[in-house]
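Here the structure is laid out as structure tokens; the discussion comes afterwards.
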Amino acid sequence: MPLRLTPLLQKRLTRRAQAMIESSLAYFPELDGKSITVGYTRKHLGSATVVYRKGIISQLVIRLKVRKLSYQTIGHELTHLVQGLARGDRRAASPVRGDNIPSGEKQCDIWTLARDRIFCDDAPTYIRMPRVMRERWPAYAEAVRQLCLAAIEKRKSHRLYIRWLEAEIRRLPQRSPEKISPEQLELPFGQG
């Protein structure tokens with residue numbers, strides 16, 4: 001997968017950050033063969049842009065803040081590119097299918113965490129959760145990831161899957177983090 005680094009990023013890119021970007025791309029087969037421009041941002045943790053020319057996707061761009069870079073941020077921005085690719089060219093009829101990642105920031109966080117454990121190194125930005133969970137993220141990361149996987153499955157039959165997910169996440173601190181395990185997260189889908 002060809003990566004093009006902007007001059008500003010090249011000046012600031014560390015070996016660690018470059019290795020993180022390259023290893024993250026391995027989890028995004030949808031981006032295989034696509035040229036991605038990676039730039040630098042000062043304002044946000046990251047951003048993603050799908051550039052169109054005459055209705056056709058012409059460029060995929062992510063910008064990252066190299067300082068305190070996390071796999072979660074990289075994965076989140078790459079997920080935005082996958083969301084953009086799913087919409088396809090603007091000249092054609094929309095190729096949106098049920099298995100595509102829906103657009104939106106919370107959706108992006110959900111699908112990023114669900115993609116692989118590597119993207120659970122930092123708390124997601126947009127999913128609502130109690131402060132204690134952000135402060136003690138490593139204790140809750142796997143439980144939240146399992147809930148994200150369950151939410152994606154729940155989406156097939158329930159429109160309000162994000163509301164369900166955030167309600168389940170709010171309940172996690174009521175349990176001792178040491179006792180949270182995947183067995184406890186098997187939730188019945190038949191309930192509200």
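Within segment 121-157, the set of residues being part of a loop (DSSP other than H, G, I, E, B) and either among the basic types (Lys, Arg) or buried (at least 16 other Cβ atoms within 10 Å of the Cβ) (or both) comprises 121, 122, 123, 124, 125, 127, 128, 129, 136, 156.
Here is a yes/no grid of residues against (1) modelled with pLDDT of 95 or more; (2) farther than 22 Å from residue 166 by Cβ:
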residue	(1), (2)
49	no, yes
52	no, yes
63	yes, yes
86	no, yes
102	no, no
108	yes, no
113	yes, no
119	yes, no
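The set of residues in segment 41-60 being surrounded by 18 or more Cβ atoms within 10 Å (Cβ to Cβ) and farther than 16 Å from residue 86 by Cα consists of 45, 46. In segment 30-52, the residues that are of a type in the set (Phe, Trp, Tyr) form Cβ pairs under 6 Å with partners that are surrounded by fewer than 17 Cβ atoms within 10 Å (Cβ to Cβ), at six or more places apart or across chains, as follows: 40/8; 40/12; 52/90. Among the residues of segment 12-29, just one is farther than 19 Å from residue 72 by Cβ and in contact (Cβ under 8 Å) with a residue 12 or more places away in the chain, namely 12.
The values are calculated or read from the model by the stated rules, or taken from the named source; none is laboratory data. Remember, predicted model here, so these are calculated numbers, not experimental data. Because the Cβ atoms are built from the backbone with ideal geometry, glycine has one as well, and the counts that use them run over all protein chains shown.
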